[in-house]
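Have a look at the structure below before the remarks.
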Amino acid sequence: MVSIKTRRAYDRPGPRDGKRILIDRLWPRGLRKDTASLDLWSKEIAPTPSLRRWFDHRADRFTEFKRRYRDELKSNQAVGEILRQMGRGKTTLVYAARDPAVNHAVVLAEFLTKAQGRKPAAKKRKKRTSI
């Protein structure tokens, strides 16, 4: 099982971060690429622009935002790619939002943790009938 944590993009990278993945659609303002210490930038895993604008990082909308974002993630092909990129080690999801408790990284970390615990669905075999 992978260890997933979250960290603001503006915080100094830590020695225990493991693989660092930026999960924002937009590059964080004022952050220099050479000091970000990122292994991957996954723009596609971020909430859609319309959902992001609707949410507007308002705490009173967070419960509904979580539901809508999880629905987006269920059909987002970037989830499989990010799970492959994470591998089996430590991973830090990097985000730019100010509030560490009310942001999409919290929802994504929970979603990815649950996704890793699921076993792939077994393929159903067709019954053969003899003639």
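Quick note: the coordinates plus some simple rules give every number you see, no bench work behind them. In this text, all values refer to a predicted model and were calculated from it rather than measured experimentally. Note: ideal-geometry Cβ built from the backbone for every residue, glycine included; neighbour counts use all protein chains shown.
For every other residue with a beta carbon closer than 14 angstrom to the beta carbon of Ala101, add +1 if it is Lys or Arg and -1 if Asp or Glu, then tell me the sum.
Local charge sum for Ala101: +4.
Only Cα pairs within less than 10 Å get springs; with that Gaussian network setup on the chain, which residue of Pro49, Pro13, Pro100 has the largest fluctuation?
Most flexible of the set in this elastic network: Pro49.
Residue farthest toward the positive end of the dipole of the chain, with Cβ of Lys/Arg at +1 and Asp/Glu at -1: which of Val102, Gln77, Trp27?
Of Val102, Gln77, Trp27, it is Gln77.
How large is the translational diffusion coefficient of segment 1-70 in µm² per second when you combine the Kirkwood radius over alpha carbon pairs with Stokes-Einstein at 10 °C and 1.306 mPa s?
Value of D from the Cα-based Kirkwood radius: 115 µm²/s.
What Kirkwood radius, in Å to one decimal, follows from the Cα pairs of segment 3-117? Mind dumping the intermediate values first?
Values: mean 1/r = 0.0700 Å⁻¹.
After inverting the mean inverse Cα-Cα distance, the result is 14.3 Å.
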